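Visitor: Can you read through this structure? Questions will come right after.
The values are calculated or read from the model by the stated rules, or taken from the named source; none is laboratory data. On a predicted model such as this, the values are computed, not experimentally measured, just so you know. In this analysis, Cβ positions are derived from the backbone assuming ideal geometry, glycine residues included, and neighbour counts consider all displayed protein chains. For the accessible areas, the whole protein counts, side chains as well, though only heavy atoms, and no ligand, DNA or RNA atoms are used. Shrake-Rupley method; radii C 1.70, N 1.55, O 1.52, S 1.80 Å.
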Amino acid sequence: MRDLIDIWVGAQAWIFETFVGPVLFHFGQMAWYEPGYNAVEFVMLGVVQIAVIAIGMRFFERRWPLEKPGKDDGLIVVDQVYTALNKLGIVPLAIFVVTYPLVQEIELTVRAWGFAPPRLERVLPWLGDNALASFLLYFVLYDFAAYWLHRAQHAVPWWWALHSLHHSQRRMTVWTDDRNHVVDDLLITLALVLFSQLVGVQPGEYVVILMVGRLVESWSHANVDMGFGWLGNRLLVGPRFHRLHHALASPEERHIQDHNFAPVFPIWDILFGTAIYDERNRPTGVADPVVDADNGRGWIVQQVTVFWRFVRALMPRLRRATAL
């Protein structure tokens, strides 16, 4: 294990010193030295995640597909583009550059007030002796926040205008999880980073939580009819549970997508009355033809189209605010 860690750290250092460091030095951006070094590890973790999805998860989709290959298979390509851009750090890097000054300013302001994030180990000292228990508790808190943010994406009209891009896919696969608008990603990232700082999650823990959580979410979008048994389905989100959240609404089930919000732990849906376990397989997508039109568009066109959908949803509220 120690040898693997040494190889990983050595590879990170070599990539940074060979490629990233010289670029930062050339452009006089050495203030980004530490974030740049951390970004290298983020990209390396992204490569690992893509390998797990492409080799491991795709095996199950190819072997036991729920929806057989058909005319809509071409719609999956754009989701693969989303996954590459996100997992390899291109979109997260852009979001980091935008949010980093704001997060730093918030941190400085909080410190000036004399507030220190309350690490759980201070409240529960025994956690300090159990790294796994500490990680799991922070993971549960992270997922709790993500559950409520996900509900907000559906409940707030202007946020749904962004999030609807994720739901518009008719051919859901392990690549679908990263299908999000960059503004949506920015809002979620900023909210989760601030929440993580508020409860005292350390940067290293946050990266691991994010990686594990995103892998579970990628699997939950898989084109397979699989679960974890009666108990397991209530402990961990799987493809069968999450597929219902992406179900195409019908006159009989107009609000079907307002269920099964949890990213990783179904307990939140169970506790707050949004869980449905009925074992039915439904087609996926969005009934709104304007949103459904996202299918067949490329990454750039989707981003531009959905941004203007977001602006139009926001305009009535901006007019009311201006009038006041």
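Visitor: Residues in segment 228-240: is at least one open to solvent by less than 40 Å² (accessible area, probe 1.4 Å), in a helix (DSSP H, G or I) and under 14 Å from residue 171 (Cα atoms)?
Guide: Yes: segment 228-240 contains one or more residues that are open to solvent by less than 40 Å² (accessible area, probe 1.4 Å), in a helix (DSSP H, G or I) and under 14 Å from residue 171 (Cα atoms).
Visitor: Okay, moving on. Could you tell me whether any residue of segment 201-209 is in contact with a helix residue (DSSP H, G or I) (Cβ under 7 Å, 6 or more places away or on another chain) and farther than 24 Å from residue 140 by Cβ?
Guide: no
Visitor: So which helices (runs of 4 or more DSSP H) are wholly in segment 241-324 and hold at least 2 residues that are over 24 Å from residue 173 (Cβ atoms)?
Guide: Fully inside segment 241-324 and qualifying: 267-271, 299-323.
Visitor: Another question, then. Just the residues that are aromatic (Phe, Trp, Tyr) and open to solvent by 70 Å² or more (accessible area, probe 1.4 Å), please, taken from segment 12-31.
Guide: 14, 19, 25, 27
Visitor: Tally up the residues in segment 152-163 that are part of a helix (DSSP H, G or I) and out of contact with any Asp or Glu (no Cβ under 7 Å at 6 or more places or on another chain), please.
Guide: 8
Visitor: Please go through segment 177-225 and pick out each residue that is at pLDDT below 85, of a type outside the set (A, V, I, L, M) and surrounded by fewer than 18 Cβ atoms within 10 Å (Cβ to Cβ).
Guide: 197, 200, 202, 203, 204, 205, 206
Visitor: I need the helices (runs of 4 or more DSSP H) fully contained in segment 40-151, keeping only those with at least 3 residues that are surrounded by fewer than 16 Cβ atoms within 10 Å (Cβ to Cβ), touching a residue at least 40 places away in the same chain (Cβ under 8 Å) and not aromatic (Phe, Trp, Tyr).
Guide: 90-112
Listed here are the residues, each with its yes/no results for (1) among the aliphatic types (A, V, I, L, M); (2) within 19 Å of residue 216 (Cα to Cα).
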| position | (1), (2) |
| --- | --- |
| 236 | yes, yes |
| 252 | no, no |
| 262 | yes, yes |
| 266 | no, yes |
